[in-house]
Amino acid sequence: MLLKNKKIAIIGGGPAGLTLARLLQLQNMHVTVFERDLNQYARVQGSPLDLHEDSGLKALQHAGLIEQFKQHFMPKADRKKIMNAKAEVFLSDHDDQLEQNFGDPDFRPEIDRGALRKILLESLLPDTVQWNHQFISMQTQANGWRLHFKNNTTFYADLVIAADGANSKVRPYLTDILAFYSGITMLEGYIVNVKQSAPEIDQLLNGGKVMAFGHEKNLLMGQKANDEIGFYASFKAEETWATAHQAIFSDRIKVKQWFKSFYSGWDAIWDNLFEHTSLPLIPRPIYCMPLDQTWQSQANLTLIGDAAHVMPPFAGEGVNVSMLDALNLSEYLCSGQFSSLQAAIAAYEHEMRPRAAKMAEYSLENGERMHAPDALQNMLNVFQSH
Ligand SMILES: Cc1cc2nc3c(=O)[nH]c(=O)nc-3n(C[C@H](O)[C@H](O)[C@H](O)COP(=O)(O)OP(=O)(O)OC[C@H]3O[C@@H](n4cnc5c(N)ncnc54)[C@H](O)[C@@H]3O)c2cc1C
């Protein structure tokens, strides 16, 4: 057994890190997750995630958590309307009678990020997650690593798994390859008590999603738990757009002026998003790892999730690829097929890189389709072909 009596440190308690921790604990491994958040509730979790049958749901199935998922997913939140800037509906499955269900490869049930995190956290042994542990640096010690955290604690691990997301601080210990800017920036907001504060938007969403395309820009919105909705304005912009526009994100008057002028020609109903959003808005320049990235595998360090392969969110694949990384890595580590940790890690990375690159390529292409002059027609073609 490669990991017998070995200490495993997972850096980052997002979907990838927590799924891996659960899968390794099912194999009786000694695993600790180090997470920078102060606690489970310290941060507003972003928009819901749709999990896919052959990846995200498959990982949950292996983690023995599919029944918990079924109790907490949001039925019908996957239903969508495709609209234009003038708020005309071109395609909607909101009123379809057809009920999809688990086992159907096209069924993509949505779950609130907070609910998914809770399911995973509750499946772990007590004290598996060390909150308020922001990874700062590490150095080699014996055959492993001495980890250093911002709270001045240290920890020895025989194996370190980086699951610390798109801006991974662990990744540079394995490779200096950097993500490139995709050319698209998203501006994220959310509205609480939406039924009361923005009833027109609530009715439009009807518990599902709305995607509006026009003038090479998008508005994307979806139901969250607790009478909240999340939304994104998505558009092509210089990489420096977020820094240059910092002054508007906390200022309602400025952000409304920006929207009116940048989304000129869009129907007045969309103004509700910026009238009622909680502030500050969060700018999200969208990055992607090079599709042909590669590195020399090590015996005591590897990457999963966005730390390995951040990609644009335009195909809803990021979390699914990440959770499948967790499943596949746990199987490579625990299968007994490999003679050394280095061989198991190399096999995992050899499988992971092209699988993630395929999804990243599709996500980049979808991003282009969604922000093209004929984006509406493009997206109608995509959804009608399903
Ligand atoms: C705007 C936007 C919309 C998206 N929409 C979708 C979607 O609809 N569907 C989809 O599949 N994917 C979507 N994604 C991508 C998805 O969010 C990621 O692919 C997924 O969260 C990756 O999971 P992860 O666990 O690898 O990383 P993360 O979810 O980023 O988790 C990383 C964790 O590590 C912690 N951490 C970070 N640094 C440190 C440190 N130094 N020390 C300790 N802990 C640390 C963080 O606090 C966090 O908890 C979207 C992404 C964005 C930006």
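The values are calculated or read from the model by the stated rules, or taken from the named source; none is laboratory data. If you're wondering where the values come from, they're calculated on a predicted model, not measured in any experiment. Backbone-built Cβ (ideal geometry, glycine too); neighbour counts: all protein chains shown.
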Requested in this report: Name the helices (runs of 4 or more DSSP H) wholly inside region 276-375 in which the number of residues that are away from the ligand (no atom under 16 Å from the Cβ) is 3 or more.
Outcome: 318-334, 341-370
Query - Filter result (more than 6 Å from the ligand (Cβ to nearest atom), of a type outside the set (Lys, Arg) and part of a loop (DSSP other than H, G, I, E, B)) within region 27-45 - result: Gln27, Asn28, Met29, Leu38, Asn39, Gln40, Tyr41, Ala42, Val44, Gln45
Requested in this report: Determine whether Gly64 is loosely packed, with under 12 Cβ neighbours inside 10 Å and more than 16 Å from the ligand (Cβ to nearest atom).
Outcome: no
Report task. Please determine, by comparing only the residues of region 67-88 that are in contact with a strand residue (DSSP E or B) (Cβ under 8 Å, 6 or more places away or on another chain) and either free of Cβ contacts under 8 Å to residues at least 24 places away in the same chain or in a helix (DSSP H, G or I) (or both), which one is surrounded by the fewest Cβ atoms within 10 Å (Cβ to Cβ). Result -> His72
Report task. Give region 332-362 a look and list any residue that's under 22 Å from the mean Cα position of the chain (by Cα), closer than 19 Å to Thr175 by Cα and surrounded by fewer than 18 Cβ atoms within 10 Å (Cβ to Cβ), or say none. Result -> Glu351, Pro354, Arg355
Requested in this report: Tally the residues that are touching a helix residue (DSSP H, G or I) at 6+ places or on another chain (Cβ under 9 Å), more than 15 Å from Gly13 (Cβ to Cβ) and outside any strand (DSSP E or B), restricting the search to region 153-165.
Outcome: 1
Report task. Please list, ordered by first then second residue, the pairs with beta carbon atoms under 8 Å, 6 or more apart or interchain, first in region 192-216 and closer than 22 Å to Asn378 by Cβ, second among the aromatic types (Phe, Trp, Tyr) and part of a strand (DSSP E or B). Result -> Glu216/Phe235
Report summary line: Checking Leu91, Leu24 in turn, the sole residue that is touching a residue at least 12 places away in the same chain (Cβ under 8 Å) and within 16 Å of the ligand (Cβ to nearest atom) turns out to be Leu24
Query raised in the report: Considering only region 138-166, how many residues are near the ligand (Cβ under 10 Å from one of its atoms), under 20 Å from Asp306 (Cα atoms) and touching a strand residue (DSSP E or B) at 6+ places or on another chain (Cβ under 6 Å)?
Result: 3
**Report entry** Tally, over region 1-52, of residues that are among the basic types (Lys, Arg) and under 22 Å from the mean Cα position of the chain (by Cα)
**Finding:** 3
Query raised in the report: Out of the residues in region 97-129 that are loosely packed, with under 11 Cβ neighbours inside 10 Å and at pLDDT below 90, which is farthest from the ligand (Cβ to nearest atom)?
Result: Gln97
Query raised in the report: If you scan region 167-211, which residues turn out to be part of a helix (DSSP H, G or I), out of contact with any helix residue (DSSP H, G or I) (no Cβ under 8 Å at 6 or more places or on another chain) and within 12 Å of the ligand (Cβ to nearest atom)?
Result: Pro172
Query raised in the report: In the list Ile177, Ile136, which residue meets the criterion of being in contact (Cβ under 8 Å) with a residue 40 or more places away in the chain and among the aliphatic types (A, V, I, L, M)?
Result: Ile177
